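Each remark here refers to the structure printed beneath this line.
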Amino acid sequence: DMSTLSTPDMMAAIEALLAIIPEELANGKIVELGDFGNIWLRFSAEGVEDPAKVKGDQITTLIPRLNPGKQFK
């Protein structure tokens, strides 16, 4: 009701955002959404002594987190 975008334009923008966020999180980035807040991944993994032996399957927990901005809180 408060946008100058049409409903299809708004849906396309949201769909694009929903496609980009997982991609950026997978690349280890924090997704900054202005006043809405930030989305990032929290993870736990099994440790290894040799950095060359680090593998993705050692990740035991992967949780998306939202750090809300002031207005969203």
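Any idea of VAL54's accessible area? Nearest 10 Å², probe 1.4 Å.
90 Å²
So how much slack lies between GLN71 and MET2, counting 0.36 nm per residue of separation and subtracting their Cα-Cα distance, in nm?
So the extension gain works out to 23.1 nm.
Just to confirm the filter: which GluC sites (Glu not before Pro) across the chain are DSSP coil and have at most 16 other Cβ within 10 angstrom of their Cβ?
When the GluC sites (Glu not before Pro) of the chain are filtered for loop state and at most 16 Cβ neighbours within 10 Å, GLU46, GLU49 remain.
How high is the relative contact order of the chain, given as a whole-number percent (alpha carbon pairs under 8 Å, six or more residues apart)?
Reported as a whole number, the value is 28 percent.
If R0 is 30 Å, what FRET efficiency do you get for ALA52 and ILE30 from their C-beta distance, rounded to 0.05?
Approximately 0.65, to the nearest 0.05.
Per residue of the stretch 56-73, in order, report the coupling 6.51 cos²θ - 1.76 cosθ + 1.60 (Karplus, θ = phi - 60°) as ³J(HN,Hα) in whole Hz, putting x for Gly and Pro.
x, 6, 7, 6, 9, 9, 9, 10, x, 10, 10, 9, x, x, 4, 5, 6, 4
How large is the helix-only mean residue ellipticity at 222 nm for the chain, computed as the sum of -39500 (n - 2.57) over DSSP H runs with n ≥ 4, divided by its residue count, in deg cm²/dmol to the nearest 500?
About -9500 deg cm²/dmol.
Give, rounded to the nearest 20 debye, the magnitude of the charge dipole that the chain has about its Cα centre when Lys and Arg contribute +1 at Cβ and Asp and Glu contribute -1 at Cβ.
280 debye
Take the Cα atoms of the chain, build their convex hull, and give its volume per residue in Å³.
For the chain, the hull spanned by Cα atoms encloses 118 Å³ per residue.
Of LEU25, PHE72, ILE14, whose Cα points farthest to the positive end of the dipole of the chain (charges on the beta-carbon: +1 Lys, Arg; -1 Asp, Glu; origin at the Cα centre)?
Looking along the dipole axis, the top candidate is PHE72.
Report, by chain and number, residues whose modeled amide H sits under 5 Å from the one on LEU33, excluding near sequence neighbours (fewer than 5 apart, same chain).
ASN38, ILE39
The values are calculated or read from the model by the stated rules, or taken from the named source; none is laboratory data. Here the structure is a predicted model, which is why all the values come from computation and not from measurement. We place every Cβ from the backbone using ideal geometry, glycine too, and count neighbours over all the protein chains shown. Note: accessible area is taken over every heavy atom of the protein model, side chains too, but ligands, DNA and RNA are not part of it. Shrake-Rupley method; radii C 1.70, N 1.55, O 1.52, S 1.80 Å.
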